[in-house]
Amino acid sequence: MKERCSSKYLLSTALVACALGCAVYSPAAEAATEKVLYSFGNAPDGQNPEGGLIDVGGTLYGATENGGTGCSGSGCGTVFSVNPQTGAEAVLYSFCGQANCTDGKYPRFGSLINIKGMLYGTTQQGGSNPAGCSGYGCGTVFALNPATDQETVLHSFGNGTDGWWPLAGLLKVKDTLYGTTWRGGPQSNCSGSGCGTVFSLDRKTDAEAVVYSFEGYSAGDGANPRDSLINVDGTLYGTTFFGGPAKNGEGYGTVFSVNPKTRAETVLYSFDGGDTDGGSPVAGLIQDKGMLYGVTQSDGAYYNGTVFSINPQTGAETVLYSFGNGTDAQTPIGGLVRVGHELYGTSYSGGIYNDGAVFSYDTTTGAEKVLWSFGSGTDGENPYAGLINVGGTLYGTTASGGSYGNGTVFSIVP
């Protein structure tokens with residue numbers, strides 16, 4: 001079963017003044033230029049990109065959850081490239097091209113990473129254990145040579161206490177790749193499926209190890225990490241969707257750190273949810289000047305999500321902005337990117353057409369702005385991923401919309 005994250009607690013009440021010390025959204029004319037570079041078509045083209053993009057020498061690379069030639073032609077996802085100057089797209093690889101999808105299927109939310117011309121990523125399902133993990137396969141770590149379109153599975157998840165269903169991208173630290181899995185691990189919590197893991201993969205030997213296994217809300221720990229990790233001076237930081245004190249039965253999620261050498265994990269902050277704090281972060285973090293920044297997809301003053309900061313030394317968290325109702329951005333799922341004193345991001349819903357938006361948050365003034373609302377005509381809809389900055393132009397993907405309803409690659413100039 002493919003799992004999709006959805007917003008919790010979406011309200012339709014009118015926007016009221018924020019009495020919690022946070023910034024307030026003020027509707028204004030959208031002041032950005034957006035362009036659809038490519039609209040994904042029907043199979044054998046890729047469909048529904050949920051992950052973000054990377055720029056390698058002026059070419060954009062990404063993955064789609066569906067589409068391609070695999071899975072008897074119905075499509076189990078692709079790796080693609082797009083020329084941002086011409087909009088020309090190419091499918092480099094179609095997953096499930098091998099028997100029982102041992103090459104992996106359904107690359108989800110994580111962006112690819114580039115290491116010396118090779119692309120690395122994860123698939124949620126498939127791999128060499130096709131009967132495992134509810135019968136869908138436990139997922140893979142793969143490498144792809146964009147010059148030859150040759151794909152190699154570096155690791156298939158699912159050997160008992162291993163993690164399973166990696167949804168996020170990878171992080172390179174020296175000769176080791178680090179990532180997270182949504183489920184699995186030696187713990188029996190979280191309905192017996194495991195609460196997810198942080199894992200490592202040695203690039204020289206392809207040996208995989210569980211660095212940390214989450215214990216879940218019953219132990220006050222995080223559960224179910226969905227996005228990528230970041231490295232700050234040798235310490236790994238990330239978020240979990242569930243976990244922390246079980247204030248809503250499963251917890252509102254956490255910000256955590258892991259020491260990869262000692263494998264010690266620390267919950268830096270547990271979200272409280274409700275109208276005074278954010279809840280259910282699915283995006284990863286960014287670091288700037290000693291502070292961590294991120295978004296939660298739900299809760300906050302209007303239950304539409306928040307922008308937050310956290311001091312990793314003290315664990316002190318601040319809600320910087322609560323997304324409002326009306327035409328404000330709502331339900332941010334992708335991570336942030338910083339350009340100057342502005343944080344840029346996307347939201348899955350909200351905007352003029354309620355099909356998602358691109359927003360900015362000014363770290364000096366606390367002002368938030370909707371730069372673009374998706375959903376007009378053949379524009380994209382419902383972005384899952386965050387943005388990348390290439391020379392002052394922001395690039396991203398939408399999971400749906402476009403000329404064929406299968407998602408887009410877009411650019412936006414703030």
Explain nothing, just the number: dipole magnitude of the chain about its Cα centre with +1 on each Lys and Arg Cβ and -1 on each Asp and Glu Cβ, in debye rounded to the nearest 20.
540
Per residue of region 227-235, in order, report the coupling 6.51 cos²θ - 1.76 cosθ + 1.60 (Karplus, θ = phi - 60°) as ³J(HN,Hα) in whole Hz, putting x for Gly and Pro.
10, 6, 8, 10, 10, 10, 6, x, 9
With 21 Å as the limit, write out which pairs from K174/K261; K35/K172; K35/K289; K35/K105 have Cα-Cα distances beyond it, or answer none.
K35/K172; K35/K289; K35/K105
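Can you tell me the relative contact order of the chain? Whole percent, Cα pairs under 8 Å, sequence separation 6 or more.
On the way: 1389 pairs, mean separation 58.7, N = 414.
The value is 14 percent.
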With θ set to phi - 60°, apply the Karplus curve 6.51 cos²θ - 1.76 cosθ + 1.60 along region 294-304 and write out the HN-Hα couplings as whole Hz, x wherever there is a Gly or Pro.
x, 10, 10, 7, 9, 6, x, 4, 10, 6, 10
Residue by residue, what Karplus-based ³J(HN,Hα) values in Hz, rounded to whole numbers, does region 61-66 have, using 6.51, -1.76 and 1.60 with θ = phi - 60° and x for Gly and Pro?
10, x, 9, 10, 5, 10
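Rule-based calculations on the coordinates, nothing more; no lab input. On a predicted model such as this, the values are computed, not experimentally measured, just so you know. Note: ideal-geometry Cβ built from the backbone for every residue, glycine included; neighbour counts use all protein chains shown.
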